Amino acid sequence: MKDPKQNQRKAPATEVFDQWLREDAANPPSDLQSFQERLSARIAGTAPQQRQPERKPWGRRALAVAASLIFLAIIPMLFFAKPNPEEPQPPHVVESSPPLNEEIYLIADLFEGFDQALLSDLTELLETL
Amino acid sequence: MSEPIVFPDESGRLLERTAQGDKAAFDKLVARWRLPLFRFFEKSLYSSADAEELCLQTLTKLYFKAAQYEATRPFPAYLFRVARNELISHYRHKQSLPKTSEYSDHRPAAPSSNLREINELFTDALRQVDEINRTALLLHVQQGLAYEEIAEALEISLSAAKARIRRAREIIKPLVKANL
């Protein structure tokens with residue numbers, strides 16, 4: 001439960017602040033008539049600018065259509081393209097790898113205290129395989 | 001004979017008439033909403049000149065977007081959504097400019113030193129709040145909008161609108177309390 005004394009202390013600060021938010025502007029704006037004149041001028045000046053985008057997008061539309069066509073042409077090529085059998089294929093490179101038991105010893109070196117008996121058992125098991 | 005009840009409100013009706021080309025209806029709308037808009041922008045921007053400019057921009061946008069207004073929506077929510085978009089554009093533009101002239105030159109003048117101190121204290125506290133939380137608080141306290149209207153104006157959920165207001169208060173309260 002909240003302390004009522006604390007609430008009593010908090011209330012005035014919040015109320016004063018809210019009152020400040022609600023109060024009239026410190027610097028009043030220009031009078032209504034001049035404001036409406038400026039607004040009418042702004043509207044009259046903005047109207048032609050707003051019509052401009054109707055003419056402009058033709059270039060952008062053409063660009064977007066061209067980009068879409070290129071994209072649509074490339075996608076099937078990526079998915080359905082098959083390798084040409086006449087073209088020489090790069091030779092497969094087989095990397096030589098160390099024997100398996102050597103790998104186990106290499107791994108064992110990384111872990112101190114690895115059981116040597118278990119290690120030899122594992123090596124024998126792998127050799128039989 | 002009494003006037004029929006208009007839904008959603010008189011301002012919404014005026015905007016519908018504006019969309020039909022009624023300039024007198026738009027003038028009435030301007031007369032009704034110019035000062036609330038100005039107060040909203042002034043508290044958001046700390047500048048009377050910028051506030052008036054944004055009033056002009058918002059009402060110009062409102063005029064051209066009048067046809068997009070849906071009469072079933074509350075008008076204040078629609079108006080302040082347009083206003084907030086203008087405010088955000090203004091902030092973005094300001095960010096690309098040098099910050100030296102933003103605050104100190106435009107701080108609203110108060111008549112006495114005591115009032116000026118309080119004004120500065122509250123302005124500083126309000127500045128500490130993020131834009132969306134500050135706007136939610138201003139719409140709630142200054143403009144008296146309902147939570148549903150605030151949610152619609154900010155394009156967030158009802159619970160998010162309440163949380164934004166609560167967050168703004170959480171930031172402002174200790175700043176104000178410590179200095180009052």
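The values are calculated or read from the model by the stated rules, or taken from the named source; none is laboratory data. Bear in mind the structure is a predicted one, so any value in this text is a computation, not a measurement. Quick reminder, even Gly has a Cβ in these numbers, built from the backbone with ideal geometry, and neighbours come from all protein chains shown. Areas reflect the complete protein model, heavy atoms only, side chains present, ligands, DNA and RNA absent. Shrake-Rupley method; radii C 1.70, N 1.55, O 1.52, S 1.80 Å.
On average, how many beta carbons from a partner chain sit within 10 Å of the beta carbon of a residue in B:168-178?
Mean number of neighbouring Cβ atoms from other chains: 3.
When the solvent-accessible surface of protein heavy atoms is calculated with a 1.4 angstrom probe, in what order do B:Arg116, B:Arg39, B:Arg81, B:Arg166 fall, highest first?
Largest accessible area first, the list is B:Arg166, B:Arg116, B:Arg81, B:Arg39.
In a shell of Cβ-Cβ distance under 13 Å around B:Asp22, excluding B:Asp22 itself, what net charge do Lys and Arg (+1) and Asp and Glu (-1) give?
+2
Grab the beta carbon distance between B:Asp22 and B:Ala49, set R0 = 25 Å, and tell me the FRET efficiency rounded to 0.05.
Between B:Asp22 and B:Ala49 the formula returns 0.20.
Enumerate the calculated ³J(HN,Hα) couplings along region B:130-141 in order (Karplus 6.51 cos²θ - 1.76 cosθ + 1.60, θ = phi - 60°), each rounded to whole Hz, writing x wherever the residue is Gly or Pro.
4, 3, 5, 5, 5, 5, 4, 5, 4, 5, 6, 7
Short version: ³J(HN,Hα) in whole Hz for each residue of region B:13-18, in order, from phi by Karplus 6.51 cos²θ - 1.76 cosθ + 1.60 (θ = phi - 60°), x for Gly and Pro, what are they?
Along region B:13-18, the couplings run 5, 5, 5, 4, 5, 4 Hz.
Could you pull out the pairs from B:Lys23/B:Lys43; B:Lys28/B:Lys94; B:Lys23/B:Lys94; B:Lys43/B:Lys162; B:Lys28/B:Lys173 whose alpha carbons sit more than 28 Å apart here? Don't jump to the answer; show the numbers that get you there.
Details: B:Lys23/B:Lys43 30 Å; B:Lys28/B:Lys94 32 Å; B:Lys23/B:Lys94 33 Å; B:Lys43/B:Lys162 20 Å; B:Lys28/B:Lys173 38 Å.
As for pairs spanning more than 28 Å Cα to Cα, those are B:Lys23/B:Lys43; B:Lys28/B:Lys94; B:Lys23/B:Lys94; B:Lys28/B:Lys173.
Per residue of region B:66-76, in order, report the coupling 6.51 cos²θ - 1.76 cosθ + 1.60 (Karplus, θ = phi - 60°) as ³J(HN,Hα) in whole Hz, putting x for Gly and Pro.
Rounded to whole hertz, the list is 4, 5, 7, 5, 9, 5, 7, 9, x, 4, x.
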